[in-house]
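Participant: Quick one: the structure is below, and I'll ask about it shortly.
The values are calculated or read from the model by the stated rules, or taken from the named source; none is laboratory data. Treat the numbers as computed from the prediction; the structure is a model and nothing was measured. Methodologically, a virtual Cβ is constructed for each residue, glycine included, from the backbone with ideal geometry; neighbour enumeration extends over all protein chains shown.
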Amino acid sequence: MNKRENFGSRLALILAMAGSAIGLGNIWRFPYLVGQNGGAAFIIVYLVSCFVLVLPIFMAESIIGRRTRLSTFGAMKKLAPGTPWKWLGLLTVITPLLILGYYSVVGGWSIDYLWKACTLRFTHDTAGLFPGFISSTWEPLIAFTLFIVATAVIILLGVKNGIEKFTKFCMPTLFVLIVAIVIFGLTLPGSSEGVRYLVKPDFSKIDAGVVAAAMGQAFFSMSLGMGTILTYASYAPENENILTSGVGTAFADLGFALLAGFAVMPAVFSAGIQPGEGPGLVFDTLPYIFSQMPTWIGAIVSIVFFLTILMAALTSSISVLEVGVAYLVEEKGMGRVKSTVIITLLGWILGIFCSLSFGPLANAKLFGLTIFDCMDKLCSDWLLPFGGLMFTLFVGWYMSKADVRDEFTNNGTVNVGIFNVVYFLMRYVAPLGILVVFITNLVL
Ligand code: TRP
């Protein structure tokens with residue numbers, strides 16, 4: 001990702017945005033949140049927050065990024081010189097650090113599971129495998145370290161050639177595999193209970209916590225609220241249609257999440273796993289599916305599956321690290337290598353605690369949550385929506401409507417009709433919605 005170089009094409013931009021958006025958030029986080037928050041009702045709240053609260057933020061970040069061609073801190077200084085808005089830039093270093101730490105722990109799990117798939121561990125009984133693995137000390141730590149180092153190496157090598165080409169191959173493969181797993185999962189005995197869980201909403205399950213979790217997940221999954229999309233949009237071609245790239249990314253992202261839900265939940269019910277068990281859900285369930293397949297099919301599918309998950313995770317983790325690195329490079333004048341090493345080291349230290357919080361540190365709790373859950377909730381339910389709130393307030397209330405319109409409509413050539421609707425969402429609906437979720441979550 002060379003600075004101030006534009007993406008070569010629309011396809012490259014959309015792939016980079018989709019590569020950032022589609023990751024462990026869809027395949028690992030979404031299914032376990034669905035299980036913890038009551039199934040279909042959560043999915044409905046999630047869909048509404050995606051389109052009403054979160055898509056407008058996508059537009060807001062895109063508008064700021066492309067208008068200034070700078071990343072967050074610089075963009076704020078350019079558009080709002082001499083104001084406190086520039087402090088928003090700080091979020092673009094704190095949030096990525098925290099996310100990088102715990103995201104890499106889960107990235108490490110996928111490395112470990114790829115290894116297990118290669119050594120044919122999923123061809124026979126998988127019960128108890130995951131709890132044993134994460135509660136141990138060294139194995140998850142080593143895998144986590146490998147993942148975070150891989151992320152740093154890619155950022156240092158530059159993303160353009162390697163990752164972008166790989167994404168083009170990886171995303172379609174992942175898609176085909178998930179569809180295949182969904183179909184196979186539906187043939188397992190007892191799976192229809194899982195389907196019912198995903199499509200029959202029980203609205204009595206919805207409370208402030210569920211809504212906050214759904215909104216947080218929408219931010220997390222779309223990579224919003226800390227300047228990732230802003231930074232990517234700053235590399236966007238001049239004639240790029242902001243609305244199309246946003247809606248395109250949102251649909252791709254949603255599609256992957258829903259498919260992952262349908263890949264996991266039916267098998268959860270078939271295997272008698274608890275849907276609300278938390279972050280381990282997918283890692284408990286998928287190996288069970290693989291072990292039920294004919295041996296050699298299960299072996300091949302599990303290897304390819306964990307390999308593609310790992311790639312999807314890396315295309316996301318690099319977008320997290322890049323935001324922090326860009327900040328140090330642009331604002332602190334540090335070299336790229338030094339910046340990458342600093343952020344990675346800090347993320348690594350935080351991640352060690354997250355990784356250990358499933359085993360030796362399981363009893364160290366903050367607000368009744370393990371260290372891992374606490375970091376995850378802090379970022380998704382609070383920091384990302386807060387960042388998003390600031391971005392829409394900035395575009396809706398600080399920038400002039402004429403500038404916003406020019407950027408959104410490419411100087412009056414596209415999306416002119418829909419501009420007023422989106423502007424209304426950015427100015428009123430999204431900020432008020434986020435505030436209401438914050439307040440109810442605090443009070444209730
Ligand atoms: N969206 C990614 C996923 O679903 C994770 C991610 C990448 C992210 N960049 C981000 C989350 C920025 C929040 C903010 O796996």
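Participant: As an exercise: evaluate PHE372 against (1) under 24 Å from the mean Cα position of the chain (by Cα); (2) over 24 Å from MET76 (Cα atoms); (3) free of Cβ contacts under 8 Å to residues at least 12 places away in the same chain and give the number of the one condition it does not meet.
Facilitator: Among (1) under 24 Å from the mean Cα position of the chain (by Cα); (2) over 24 Å from MET76 (Cα atoms); (3) free of Cβ contacts under 8 Å to residues at least 12 places away in the same chain, PHE372 violates only (3).
Residue-by-condition table, conditions (1) at pLDDT 95 or above; (2) out of contact with any Ser or Thr (no Cβ under 6 Å at 6 or more places or on another chain); (3) closer than 20 Å to GLY433 by Cα:
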| site | (1), (2), (3) |
| --- | --- |
| GLU164 | no, yes, no |
| PHE169 | no, yes, no |
| ALA180 | no, yes, no |
| VAL195 | yes, yes, no |
| SER204 | no, yes, no |
| ALA208 | no, no, yes |
| ALA212 | no, yes, yes |
| SER221 | yes, yes, yes |
| GLU238 | no, yes, no |
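Participant: A further question on this structure: Limited to the stretch 63-78, what total is found for residues that are in a helix (DSSP H, G or I) and either at pLDDT below 95 or within 12 Å of LEU389 (Cα to Cα) (or both)? Give the derivation first.
Facilitator: Pass one, the stretch 63-78, residues in a helix (DSSP H, G or I): 63-68, 72-78.
Subsequent filtering for residues that are either at pLDDT below 95 or within 12 Å of LEU389 (Cα to Cα) (or both) retains 65-68, 72-78.
So the answer is 11.
Participant: How many of the residues making up the stretch 315-343 are aliphatic (A, V, I, L, M) and more than 10 Å from the ligand (Cβ to nearest atom)? Reasoning before the result, please.
Facilitator: Step one: of the stretch 315-343, the residues aliphatic (A, V, I, L, M) are 318, 320-321, 323, 325-326, 328-329, 334, 337, 341-343.
From the residues that got through so far, the ones that are more than 10 Å from the ligand (Cβ to nearest atom) too are 325-326, 328-329, 334, 337, 341-343.
Number satisfying all stated conditions: 9.
Participant: Give GLY101, GLY108 a once-over and let me know the one that is within 16 Å of the ligand (Cβ to nearest atom), touching a helix residue (DSSP H, G or I) at 6+ places or on another chain (Cβ under 9 Å) and over 30 Å from ALA236 (Cβ atoms). Give the steps one after another, and end with the answer.
Facilitator: On the way: GLY101 fails: over 30 Å from ALA236 (Cβ atoms).
Criteria check complete, one pass: GLY108.
Participant: Just to be sure, is SER339 polar (S, T, N, Q), touching a helix residue (DSSP H, G or I) at 6+ places or on another chain (Cβ under 8 Å) and either outside any helix (DSSP H, G or I) or under 16 Å from PHE73 (Cβ atoms) (or both)?
Facilitator: yes
Each row is one residue, and each column tells you yes or no for (1) at pLDDT 95 or above; (2) of a type in the set (A, V, I, L, M); (3) within 17 Å of MET215 (Cα to Cα).
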site: CYS379; (1), (2), (3): yes, no, yes
site: LEU384; (1), (2), (3): yes, yes, yes
site: GLY387; (1), (2), (3): yes, no, yes
site: VAL395; (1), (2), (3): yes, yes, no
site: MET399; (1), (2), (3): yes, yes, no
site: ALA402; (1), (2), (3): yes, yes, no
site: ARG405; (1), (2), (3): yes, no, no
site: ASN410; (1), (2), (3): no, no, no
site: THR413; (1), (2), (3): no, no, no
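Participant: What pairs come out if I take residues in the stretch 307-319 that are under 11 Å from ILE22 (Cβ atoms) and pair them with residues that are more than 10 Å from the ligand (Cβ to nearest atom) and hydrophobic (A, V, I, L, M, F, W, C) whose C-beta lies under 7 Å away, six or more apart or interchain?
Facilitator: The qualifying pairs are THR308/CYS170; THR308/LEU174; THR308/LEU177; MET311/PHE166; MET311/CYS170; ALA312/CYS170; ALA312/LEU174; THR315/ILE163.
Participant: If you go through the stretch 351-403 one residue at a time, how many are of a type in the set (Gly, Ala, Ser), surrounded by fewer than 17 Cβ atoms within 10 Å (Cβ to Cβ) and part of a helix (DSSP H, G or I)?
Facilitator: The total comes to 1.
Participant: Within the stretch 116-125, is there a residue that is within 22 Å of the chain's Cα centre (by Cα), part of a helix (DSSP H, G or I) and either within 15 Å of the ligand (Cβ to nearest atom) or modelled with pLDDT of 95 or more (or both)? Lay out the reasoning, then the answer.
Facilitator: Step one: list which residues in the stretch 116-125 are within 22 Å of the chain's Cα centre (by Cα), which gives none.
No, the conditions are met nowhere in the stretch 116-125.
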